[in-house]
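This report refers to the structure that appears directly beneath it.
The values are calculated or read from the model by the stated rules, or taken from the named source; none is laboratory data. None of these values were measured; they are calculated from a predicted model. For neighbour counting, all protein chains shown are included, and Cβ atoms are generated from backbone atoms with ideal geometry for every residue, glycine included.
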Amino acid sequence: MLITNLINLYVKKFNAAGINNSLEEIRSMIQEILKIDLATQLIEKELIINEKQKKLIKEYLDRRLKREPFDRIMKKKIFRDFELDINHNTFSPRSETELLIDIIIDMKLNPKHILELGTGSGAISIALMKNFPKAKCIATDINQKSLDLAKQNAKKNYVLNQINFICCNWLDIFVNFDFDIILANPPYIKTEVIKKLEPEVRNYDPIISLDGGKNGIDCYKKIILGLAQKPFSKNSKILFEIGYDQAQKVEKLMKEANIMQTSVFKDYSNQPRFVIGTITKSTS
């Protein structure tokens, strides 16, 4: 079968199924599964694949037609400049989350001691350790299976010696804090909205990583309340990823907990997506 005929056939099927960027995804999948690079696909118009190759790639393309995400099919995700393994236990990190790392770099914070709450696949902690090789990090998650994967990803990316993985619920086990920065990308989608999400999200990302409660801010309340009850080192930074409509609510919660000097940063779509604040005096 001509590979161009297969591509054209599935572009039509993908478009009918409501899948965006269909041609790009199909070509990427052919590259990953059949090891036929993009240049070859574009240049060799008469390239023929055999029946075994055809059966194999159709199996994967048909999975995508059922709206299983490309990264879930491949069981891996590129985050910034490195590769992560992912599975059904973890949220698949989004490209906009990469901006968390850029914010820290651009603000010249140069953290030495970092706490990430809800690490999932380990994407944020691993990225920070790669950018700050002298830093140390504690990465937590409530799901031990997620932590096992995060640890595997840290080893894969040569930063395992910088990260301590702890299974706990947000701040429950911590007595006091001596972190330069605390980060979290908690669930922030309103419960009633989840059923309206794209099937790639609602059917494949763990619900626990999506559901932020009735107003979408339940996890921020729990984290910030926990922060308010702990003794801190002076000038610790708190950095959250947030929903596009949650900046004012989260800033208010932070200020009520004595987290001041808040700033909001926008994502690639120019939507408010991150908020950072400073604990301006010790709460011990």
Please indicate, with yes or no, whether at least one residue in the stretch 22-29 is out of contact with any helix residue (DSSP H, G or I) (no Cβ under 7 Å at 6 or more places or on another chain), over 21 Å from residue 83 (Cβ atoms) and of a type in the set (Asp, Glu). no
Tell me whether the stretch 86-102 contains one or more residues that are in a helix (DSSP H, G or I), polar (S, T, N, Q) and either touching a Lys or Arg at 6+ places or on another chain (Cβ under 6 Å) or touching a residue at least 12 places away in the same chain (Cβ under 8 Å) (or both). yes
Would you mention how many residues in the stretch 165-198 are surrounded by 13 or more Cβ atoms within 10 Å (Cβ to Cβ) and closer than 13 Å to residue 140 by Cα? 13
Taking the stretch 263-284 on its own, how many of its residues are of a type in the set (Val, Ile, Thr) and either modelled with pLDDT of 95 or more or at positive phi (or both)? 3
Complete set of residues in the stretch 69-85 that are among the aliphatic types (A, V, I, L, M), closer than 19 Å to residue 160 by Cα and free of Cβ contacts under 8 Å to residues at least 60 places away in the same chain: 78
Criterion: of a type in the set (Lys, Arg), surrounded by fewer than 21 Cβ atoms within 10 Å (Cβ to Cβ) and assigned to a loop (DSSP other than H, G, I, E, B) - qualifying residue of 145, 155, 134: 134
